[in-house]
Amino acid sequence: MIETIKLRKDFKEKTVVEDVDLYLDKGESVGLLGPNGAGKSTTISMISSLLKPTSGDVKLNGESVVKHPSELRKVLGVVPQEIALYQELTAYENLKFFGRIYRVPKDKLETRIQTTLKLVGLKDRQKDRIKTFSGGMKRRINIASALLHHPKVLILDEPTVGIDPQSRNYILEMIRQLNEQSGTTILYTSHYMEEVEQLCDRVYIMDHGKVIASGSQSELLSILSNEDTMRVQLNQMSHSLVKAIQEIDVIRQVEETGDGIKIIAKKSTNLISNLVKLADQQNIKILNFQMENPSLEDVFLHLTGRTLRD
Amino acid sequence: MLTFLMKDLLLFWRDRKEVLTVILLPLVLVVVLSISMAGLFDENQSDNYDLALSLVMEDHQSKAIEEFKASVHQSDRIPDNGKQEVIAGVEEHPPVESLMDFLTSPELENWLTVETMSKGEAKERIENGESNAMLLIPEGYTAQLLKNIYLDQGTAPSLQFSAKETAVEVDMIHDVIDGFLEQLNLQYVVSMSGGEVSMNQVEHPEGGTEVVDNDHSFSLTMDQYFALSIGALFVLFMASTVASRTGIEKREHTFNRIALTNTPGLHFLFGKTCATFVLSLLQILLIFIGSHLILGVFSERSFTFWMGMIFMASVYALAIAGLSSIMTSVSLRLKNPDAADGIFMTILMVFGTIGGNFIPIYVLPNWLQQIGEWTPNGLTLAILIEWLQFEDVSTLWLPAIRLLGLTLIAIGVSTMLYPRRGEIS
Ligand SMILES: Nc1ncnc2c1ncn2[C@@H]1O[C@H](COP(=O)(O)OP(=O)(O)O)[C@@H](O)[C@H]1O
Ligand SMILES: [Mg+2]
């Protein structure tokens with residue numbers, strides 16, 4: 001339905017988005033995962049025709065959007081990363097204004113506003129000004145404002161940043177409903193991999209302006225199929241032990257956790273016995289030992305050597 | 001576009017602080033300034049004056065006229081058929097008596113009290129400050145005057161006018177007398193040359209006081225001046241008040257959200273322009289009406305007067321809307337909205353200054369005054385002052401067309417400056 005072709009954006013000399021190819025099929029829920037500054041928002045701005053790409057194109061059903069954005073705008077809803085609302089107006093007034101400029105037919109606008117308010121669970125607060133709302137409530141109205149024209153495609157840019165877990169779950173559930181019940185195509189941007197894992201059929205992982213991996217979750221996780229992740233609980237912490245473990249040639253990454261270490265290593269037969277031997281030498285006891293299912297976080301770590309929150 | 005207009009008006013209304021600043025502050029200023037300046041500039045209000053003039057009469061008018069008659073009869077300068085006319089004229093309006101009549105006429109009576117006394121007494125009074133000025137009509141004044149005018153003999157005599165110190169009051173009396181004498185001389189000369197103007201027609205030399213009127217702008221009171229200049233000034237700032245919301249909309253990203261829709265970008269711009277027009281018009285009318293209700297600034301003015309005020313206010317509001325239109329486009333182009341606000345504020349301060357809204361424009365050098373007349377506020381202020389004094393409809397058209405022209409140019413420029421999509425920083 002929507003695809004980008006070698007999308008690129010330079011700000012002055014700096015390349016922020018480089019050769020990004022991605023596509024959204026009808027009814028899909030796609031994640032765009034990447035750390036802060038990866039270029040996710042810039043990519044979204046180009047897709048939604050807010051920002052002109054330096055080169056490359058965005059296509060809607062095969063037609064270039066960069067030159068003729070109006071068809072796309074009709075079917076696209078964008079929830080920006082920032083709260084893009086009039087703080088001095090009430091929730092209702094905001095929705096009415098945005099509904100009108102999205103050209104929602106006059107006779108339908110009122111019911112749309114009310115159903116949307118109900119969807120985001122703020123029907124009884126509609127007469128209050130946005131500035132009196134909590135962060136979570138603002139986020140919900142921020143989403144509601146992008147839903148009034150019943151978009152076929154909904155792009156959400158980190159819609160859960162900085163809010164309480166309850167609002168976050170509410171929002172995630174809402175998006176799932178939109179995708180599953182209304183058939184809305186979703187592009188969900190986040191640097192929280194749990195959210196993407198929870199919501200998305202397919203994932204693009206971005207770093208430094210490039211898509212470094214993409215595919216379904218299981219496809220991505222299979223990148224790690226010849227690696228093991230394990231958690232080792234120790235009776236005491238020792239830097240020299242960590243150092244010693246890092247010396248083992250199959251080890252890719254050792255990370256100190258609260259009560260022990262987390263290890264990512266190539267699959268190998270004698271890793272465990274090696275670990276036990278090293279611990280013994282330093283008089284450290286291994287209390288518990290657990291193989292872990294890898295997460296997208298681990299995929300990212302594998303690909304970049306950094307964590308998403310870095 | 002109506003959607004944008006309603007949004008901007010609503011946003012403005014929500015900002016109570018802004019509403020108060022924009023409507024109440026100017027009203028308070030008009031009232032405070034009018035009241036505090038009233039003491040200082042009271043002199044300009046003829047109603048409140050009570051000036052005293054001591055008159056010292058050393059001339060002997062009737063004797064002089066008798067002698068003058070004899071001279072006329074002997075004169076060969078005046079044709080015989082004119083002689084009778086000249087004598088009749090002088091007898092009917094002897095110069096000194098005319099002056100006395102004028103000085104005690106009802107017109108001057110309410111601000112000028114004339115008392116005849118001896119020279120010594122007059123001097124004493126002036127010294128004590130009981131009298132503002134002294135007018136001495138010297139011995140032989142009438143005789144010399146008539147001879148000079150009709151017989152072309154000798155030099156024109158002069159009255160002696162003196163005061164303890166120069167003051168506006170003294171100048172006023174002096175000007176009144178001067179004006180009258182000029183008028184009187186003119187009449188004599190005219191009747192002498194056999195012109196059509198007869199003494200009877202110019203019996204009440206109103207011209208004398210009118211000259212004074214122009215010099216001192218009797219009809220423009222301080223509170224009126226303040227209402228007009230402060231009104232025009234605060235409305236000027238409405239341009240940046242509305243335009244600066246653009247910066248907020250950029251900062252709060254609502255502008256981006258608008259850009260995501262298919263609504264043409266210019267609707268945003270014209271929404272602001274219309275909002276500025278509506279708000280400026282309301283503002284200036286509220287300031288005028290408010291100062292009228294509080295201070296009675298425009299009391300007893302005609303329906304036409306108010307229509308003219310509303311007309312000029314509308315045209316001015318249009319010009320301000322044009323200005324804010326440009327500011328909106330510019331602030332969309334600038335990266336830093338606060339810098340934009342700063343620039344606009346500075347420009348408006350300059351406009352306010354050269355337009356004469358802070359200080360009377362006469363203080364400024366000539367070339368600046370001329371530029372000032374091209375600022376919407378300067379032009380409007382000048383026109384409103386003129387309208388207030390003369391209520392002459394013909395004075396309104398040209399400036400109105402000029403302001404409308406400025407508005408159209410401003411809207412054109414702002415449309416060109418308005419960033420296309422994807423160019424907004
Ligand atoms: N207008 C801009 N001018 C210059 N640099 C920018 C601009 N917008 C974003 N960037 C830079 O581009 C990079 C990517 O930003 P962004 O797309 O917001 O990342 P993300 O949304 O993934 O956190 C950042 O390093 C940011 O500083
Ligand atoms: Mg971002």
- request: Just tell me which lysines come within less than 23 Å, Cα to Cα, of A:K131; anything on the same chain fewer than 8 places away is out.
  value: A:K96, A:K118, A:K123, B:K7, B:K17, B:K250, B:K272
- prompt: Picking from A:V232, A:V58, A:V299, which is most flexible by a Gaussian network model of chain A using Cα springs under 10 Å?
  reply: A:V232
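Please compute, for peptide A:82-91, the average count of beta-carbon atoms on other protein chains lying within 10 Å of each residue's beta-carbon. Before the final figure, lay out the partial values.
On the way: counts 6, 3, 9, 4, 10, 5, 8, 5, 2, 0.
Taking the mean over all residues of the peptide, I get 5.
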field: Test item: Cα-centred dipole of chain A, Lys/Arg +1 and Asp/Glu -1 on Cβ, debye
entry: 1340
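Using a simple charge model, +1 on the beta-carbon of Lys and Arg, -1 on the beta-carbon of Asp and Glu, nothing else, what dipole does the protein assembly as shown show about its Cα centre, in debye to the nearest 20? Write down the numbers at each step before the final one.
Numbers: 66 positive and 91 negative charges, 1413 e Å.
Once rounded to the nearest 20, the dipole reads 6780 debye.
Local charge sum around A:K262 (other residues, Cβ-Cβ under 10 Å, Lys/Arg +1, Asp/Glu -1)?
Values: positive: A:R231; negative: A:E255, A:E256, A:E292, A:D298.
Here the charged neighbours net out to -3.
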field: Candidate aspartates and glutamates for bridging to A:K52, where Cα separation is under 13 Å - those fewer than 8 sequence places away on the same chain excluded
entry: A:D10, B:E423
task: Using only Cα atoms, tell me the angle between helix B:394-417 and the longest principal axis of chain B; keep it within 0 to 90° and round to the nearest 10.
output: 20
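Which FRET efficiency, nearest 0.05, do B:I294 and B:E139 yield, Cβ-Cβ r, R0 60 Å?
Values: r = 56 Å, r/R0 = 0.93.
Result of the calculation: an efficiency of 0.60.
So, R0 is 56 Å and r is the distance between the beta-carbons of A:N235 and A:I5; what FRET efficiency does that work out to, to 0.05? If you can, show how the numbers build up before the last one.
On the way: r = 56 Å, r/R0 = 1.00.
Approximately 0.50, to the nearest 0.05.
Can you tell me what the convex hull of the Cα atoms of chain B projects to on average, as an area in nm²?
Result: a mean projected hull area of 26.1 nm².
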field: Distant-in-sequence amide H partners of A:I186 (H built 1.01 Å from N, under 5 Å)
entry: A:E28, A:S29, A:V30, A:L154
- request: Kindly write out, for the range A:70-75 in residue order, the coupling ³J(HN,Hα) from the Karplus curve 6.51 cos²θ - 1.76 cosθ + 1.60 (θ = phi - 60°), rounded to whole Hz, with x marking Gly and Pro.
  value: 5, 5, 5, 4, 5, 9
Rough spin-label spacing in nm, given labels placed 7 Å along Cα→Cβ, for A:S218 and B:D178: 10.8
query: Hey, any idea what the orientation-averaged projected area of the convex hull of the protein assembly as shown's Cα atoms comes to, in nm²?
result: 49.6
- line: Other residues with Cβ under 15 Å from the Cβ of A:D164 give, with Lys and Arg +1 and Asp and Glu -1, a net charge of +2
message: Using +1 at the C-beta of Lys and Arg and -1 at the C-beta of Asp and Glu, which of B:L228, A:Q233, B:G372 has the Cα lying farthest in the positive direction of the dipole of the protein assembly as shown?
response: A:Q233
- prompt: Of A:Y102, A:N283, A:S214, which is farthest along the charge dipole of chain A in the positive direction, counting Lys and Arg as +1 and Asp and Glu as -1 at C-beta?
  reply: A:Y102
- prompt: Angle between the Cα long axis of helix B:61-74 and the longest principal axis of chain B, 0 to 90 degrees, nearest 10?
  reply: 70
- prompt: Gaussian network model of chain B, Cα springs within a sub-10 Å range: biggest mean-square fluctuation belongs to which of B:A382, B:A317, B:A143?
  reply: B:A143
- prompt: For chain A, what relative contact order do you get, as a whole percent, if you take Cα pairs closer than 8 Å and at least 6 residues apart?
  reply: 20
Cα-derived Rg to Rh of chain A, Kirkwood definition: 1.07
query: Using only helices, what value at 222 nm comes out for chain A when you add -39,500 (n - 2.57) per DSSP H run of length 4 or more and divide by the total residues, to the nearest 500 deg cm²/dmol?
result: -10000 deg cm²/dmol
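What does the C-alpha gyration tensor say about the overall shape of the range A:126-201? Classify as rounded when a/c is under 1.5, otherwise prolate if a/b is larger than b/c, or oblate. Show your work: numbers first, answer last.
Working: a/c = 2.10, a/b = 1.25, b/c = 1.67.
The shape class here is oblate.
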- line: The set of residues whose placed amide H lies less than 5 Å from the amide H of A:D128, leaving out same-chain residues fewer than 5 positions away, is A:A91, A:Y92
- request: Take every DSSP beta bridge whose two residues both sit in the range A:2-221, then give the antiparallel share in percent to the nearest 5.
  value: 55
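Per residue of B:248-258, how many C-beta atoms from partner chains lie within 10 Å of its own C-beta, taken as a mean?
Numbers: counts 3, 2, 0, 1, 8, 7, 12, 1, 8, 16, 5.
If you average over the peptide's residues, the count of other-chain Cβ atoms is 6.
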field: Summed buried accessible surface, chains B and A, 1.4 Å probe, nearest 100 Å²
entry: 2600
In nm, spacing of pseudo-spin labels at A:Q281 and A:K59 (7 Å Cα→C-beta vector): 5.8
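For chain B, what does -39500 (n - 2.57) per DSSP helix run (n ≥ 4), summed and divided by total residues, give at 222 nm, in deg cm²/dmol to the nearest 500?
Working: 19 runs with 287 residues, N = 425.
Dividing the helical sum by the residues of chain B leaves -22000 deg cm²/dmol.
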field: Backbone HN-Hα couplings from phi across the range A:8-17 [Karplus 6.51/-1.76/1.60, Hz, Gly and Pro as x]
entry: 9, 9, 10, 9, 6, 8, 8, 8, 9, 10
statement: Sorted by chain and number, the residues with a modelled amide H under 5 Å from that of B:V114, at a separation of 5 or more or across chains, are B:L53
Top of A:M46, A:M137, A:M230 by mean-square fluctuation, Gaussian network on chain A, Cα under 10 Å: A:M230
statement: Sorting A:Y188, B:G290, B:A156 by the position of each Cα along the dipole of the protein assembly as shown (Lys, Arg +1; Asp, Glu -1; all at Cβ), the one nearest the positive end of that ordering is A:Y188
- prompt: So how strong a dipole does the range A:226-304 carry about its Cα centre when Lys and Arg Cβ are +1 and Asp and Glu Cβ are -1, to the nearest 20 debye?
  reply: 200
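Please compute the alpha carbon radius of gyration of the range A:241-310, then divide it by the globular-protein estimate 2.2 N^0.38 Å. Two decimals is fine. Can you show the working numbers first?
Details: Rg = 12.6 Å, N = 70, 2.2 N^0.38 = 11.1 Å.
Cα Rg divided by the expected 2.2 N^0.38 Å: 1.14.
The values are calculated or read from the model by the stated rules, or taken from the named source; none is laboratory data. This one's a predicted model, so the numbers in the text were calculated from it and none came from an experiment. No Cβ is skipped: glycine too gets one built from the backbone with ideal geometry, and neighbour counts run over all protein chains shown. Ligands, DNA and RNA are stripped out before the accessible areas are found, and what is left, the full protein with its side chains, is counted by its heavy atoms. Shrake-Rupley method; radii C 1.70, N 1.55, O 1.52, S 1.80 Å.
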